[in-house]
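Input: a single structure, listed below in structure tokens.
The values are calculated or read from the model by the stated rules, or taken from the named source; none is laboratory data. None of these values were measured; they are calculated from a predicted model. Positions of Cβ are backbone-derived with ideal geometry, glycine not excepted, and every protein chain shown enters the neighbour counts. Side chains are part of the model used for accessible areas, which takes the heavy atoms of the whole protein and leaves out ligands, DNA and RNA. Shrake-Rupley method; radii C 1.70, N 1.55, O 1.52, S 1.80 Å.
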Amino acid sequence: MPNSDSRAPRPDEVRDVLKAWDVGSIQDVASDTLGTINQTWLVRTEIGRYAVRLSAHRDADALKRECNLLYFVIERGIPAVQPFLSREGAPFVQCESGLWMVSPFAPGHQTDREDMSPEEDRGMGKCLAKLSRVLSTCPKQLGKRRRLQVDVQKTLEEIDRIETLIRSHPTQQDYEQFAVDRLRGRRSWIECHANETTDGLEALAHQVIHGDYQEKNVFFDDLGEVVGLIDWDNAWTAPPEWEIIRTLNFVIE
């Protein structure tokens, strides 16, 4: 879903925000249609390509935590994409429209799930193994705190509430219908798996995990190795087994 602003910033507003960074003369600004939480623009300038992100959250402390997590994993060899510092030397800038971050465009290429090769499957597995080891030493305060327990009835009620809220919006756009479709998919999945529990997970060792390790957040080189890992804003503390099983189920089925 888009940022809490009712109107998405226009390309000329993105250009204005980019004045806070030394990225050279801007040649092209295009919205990234794949983003579902943050609003992202792909920008080409005379000196490079950048991803410009308007955070879905307005909590500067949360974004500082994300940046510190990025620095932690990058120093230990994880191919995360480091934020590009502003002219003031900050990893993000706060404007009236929200919190903005600029990153160099990730290297390599992305592959749709149904088109992933065995080499890319192995590359994702190798990267996840290294990521889990690195994050096992990460300070837990760099990840969000979330409950592992799930109240199915309350979750379904919340989905209904959000869908009603979206449908009450006076001007329906494509992203509203996209959000409703996603909610319906979540509702259907939960109803089919209502008897499953998270019993036993609390007894496992917890650490920071990426939180959304899947192919849309991974960039590969021609050999199938992971050379870019993005979207760290979902990082939280949980058993690493959670992320491993989620990836096996979600990506490789």
**Request:** Could you pull out every whole DSSP H run in the chain that spans at least 20 Å of Cα extent along its own axis and averages 0.0 or higher on the Kyte-Doolittle scale?
**Result:** 60-75
**Fill in**
Pairs over 24 Å Cα to Cα, from K64/K154; K144/K216; K130/K216; K154/K216, come to K64/K154; K154/K216
**Prompt:** Anyone know which of S168, S103, S117 comes out most mobile in the 10 Å Cα GNM of the chain?
**Reply:** S168
**Item:** Rounded percent of accessible protein surface that carbon and sulfur make up, the chain, 1.4 Å probe
**Value:** 51
**Request:** Report, in debye and to the nearest 20, how large the dipole of the stretch 1-150 comes out about its Cα centre when Lys and Arg carry +1 and Asp and Glu carry -1 on their Cβ.
**Result:** 800
**Asked** For K126, what charge total do you get from the other residues with a beta carbon under 12 Å from its beta carbon, if Lys and Arg give +1 and Asp and Glu give -1?
**Response** -1
**Asked** Sorted by packing (mean other beta-carbon atoms within 10 Å per residue), highest first, where do 200-206, 215-221 land?
**Response** 215-221, 200-206
**Message:** Leaving out ligands and nucleic acids, and using a 1.4 Å probe, what accessible area per residue does the chain come to in Å²?
**Reply:** 58
**Prompt:** Which one is right for this structure if mean projected area of the Cα convex hull in nm² is calculated from it: [x] 11.2; [y] 14.7; [z] 17.8?
**Reply:** [y]
**Asked** Of the peptides 228-241, 18-31, how do they stack up when ordered by the mean number of other Cβ atoms within 10 Å, highest first?
**Response** 228-241, 18-31
